[in-house]
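Please read the structure below before turning to the comments.
The values are calculated or read from the model by the stated rules, or taken from the named source; none is laboratory data. Given the structure is predicted, the values throughout are model-derived calculations rather than measurements. Neighbour counts run over all protein chains shown; Cβ positions are idealised from the backbone, glycine included.
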Amino acid sequence: MDHTDHTTWLEIDLNVIRKNIHLLQEITGVPIMAVVKANAYGHGLIETSKAAVQAGVQWLGVARIDEALELHRAGIQAHPIVLGYTPPERAGEAAQAGIRLAVYDSQVAQAYADQARSVGKPLYVHAKFDTGMGRLGASPEGGVEWMRWLNSLAGLQVEGVFTHLAEADDPQKPTTDWQLNRFDALLSGLESAGLRPTWVHAANSAGALYFPRARYNLVRTGIAIYGLNPSARAPLPEGFRPALTWKTRLTSVKIFPPNHGISYNYRYYTRAEERIGVCAVGYADGFRRRLGNVVLIRGKKVPVVGSVCMDQCMVNLDDIPEAEMGDEVVLIGQQGENEITAEERAREWETISYEVVCELANRLPRIYID
């Protein structure tokens, strides 16, 4: 698909996102919470959320209340839940908009309840427990009494209980089973006390796929709905596909003599007469300033040479004499029989695919295919 009115852009296939969600529904057999924080992992918050709802999702997980309010203003018909911290001063906004909040601290919970009462609407909360992540969450030991107190707060409706798995993307490690054992002990206590809430969730994408016992009655899937592997040790099953392609184009093709410096600080010199192209993408778009990058042009992998600039980078075109100004360049995705995956790009950059896609700049136009 050639978008001649853009120099650098993303193509997001919403049908792929819906199909990935349907696969998750078939595999897990429980409702899906689509995690759409960080601009839906770079895929675009609103359009991705709409596609998720079309696929049957009723829960949308975000990190911050501003993301949840954006969903509310867009009229997305699903329950947004802020999985991270929300300042108590904004709990009234959440109550009025029907936004669910995570709660894990007594002082904050009390402030949430006060805010909810002040606006005259109940605030639905999900109690978070730290079973081993070492991040947000109350201790599961003593959790029954804490939940009893939480349920006593006028203004709050305790709708769910959850935890987060630290090493589900490394299924051979014992950490996940240890965490789930702690969580199950808490749930057993809550059940006996008549305090177990409606919704129980623990599994991220890897947990949902590799630990059936972690599914409970809701799973929080992020990376899998976008068709990216949770990790090399926890790949997606057959049938999942990446939804995102990242493209730019050649904006110049020139021939340089031997020993000519290319780009800032001359980190590259031509070795002979070389054909050098300029691509309209740079580190301000999320294309990292690393040596050793490759891109696809006319179906072939070609090296990026010299320093990546803020808005541009240079490539060696000696192996593609037919390349010309205006040609489409693929940074993530398939072109001809070759492909550069987000996972491959992450290996080049010594990071994870999550970071690669989350760093795709907001200035990149997102073209939705439906």
Checking Met147 against (1) outside any helix (DSSP H, G or I); (2) aliphatic (A, V, I, L, M); (3) within 17 Å of Gly194 (Cα to Cα), the condition it does not meet: (1)
Restricting attention to region 6-47, which residues are basic (Lys, Arg) and under 20 Å from Asp285 (Cα atoms)? Lys37
Could you go through region 277-296 and let me know if any residue there is within 24 Å of the chain's Cα centre (by Cα) and free of Cβ contacts under 8 Å to residues at least 24 places away in the same chain. yes
Selection from region 234-257 of residues that are under 23 Å from Leu45 (Cα atoms) and aliphatic (A, V, I, L, M): Leu236, Ala243, Leu244
Taking region 233-264 and keeping residues over 25 Å from Gly336 (Cβ atoms) and in contact with a Ser or Thr (Cβ under 6 Å, 6 or more places away or on another chain) leaves Phe256, Pro258, His260, Ser263, Tyr264
Of Val294, Val308, Val329, Val278, the only residue that is modelled with pLDDT of 95 or more, among the aliphatic types (A, V, I, L, M) and touching a Gly at 6+ places or on another chain (Cβ under 8 Å) is Val308
Name every residue in region 290-319 that is surrounded by 16 or more Cβ atoms within 10 Å (Cβ to Cβ) and basic (Lys, Arg), in order of residue number. Arg298, Lys300
Could you please give the count of residues in region 198-210 that are part of a loop (DSSP other than H, G, I, E, B) and surrounded by 19 or more Cβ atoms within 10 Å (Cβ to Cβ)? 3
From (1) of a type in the set (Ser, Thr, Tyr); (2) surrounded by fewer than 16 Cβ atoms within 10 Å (Cβ to Cβ); (3) closer than 25 Å to Leu14 by Cα, pick out the condition that doesn't hold for Ser231. (2)
Looking at Ser49, is it in the same structural domain as Val35 (by TED's automatic domain parsing), out of contact with any Lys or Arg (no Cβ under 6 Å at 6 or more places or on another chain) and closer than 23 Å to Gln25 by Cα? yes
Checked Ala63, Ala68, Ala74, Ala55 against criteria (closer than 23 Å to Asn204 by Cβ, free of Cβ contacts under 8 Å to residues at least 40 places away in the same chain and surrounded by fewer than 19 Cβ atoms within 10 Å (Cβ to Cβ)); the one match is Ala63
Going residue by residue through region 96-112, is there one that turns out to be touching a Pro at 6+ places or on another chain (Cβ under 9 Å), in a loop (DSSP other than H, G, I, E, B), surrounded by 23 or more Cβ atoms within 10 Å (Cβ to Cβ) and assigned by TED's automatic domain parsing to the domain that holds His72? yes
Only one of Asp169, Asp130 is of a type in the set (Asp, Glu) and touching a residue at least 40 places away in the same chain (Cβ under 8 Å), namely Asp169
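When you scan region 319-370, how many residues do you find that are in a helix (DSSP H, G or I) and either of a type outside the set (Gly, Ala, Ser) or closer than 23 Å to Lys19 by Cα (or both)?
Filtering region 319-370 for residues in a helix (DSSP H, G or I) gives 342-348, 353-358.
Keeping just the survivors that are either of a type outside the set (Gly, Ala, Ser) or closer than 23 Å to Lys19 by Cα (or both) gives 342-345, 347-348, 353-358.
Number of matching residues: 12.
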Could you tell me whether region 289-305 includes any residue that is of a type outside the set (A, V, I, L, M), in the same structural domain as Gln334 (by TED's automatic domain parsing) and in contact with a Ser or Thr (Cβ under 6 Å, 6 or more places away or on another chain)? no
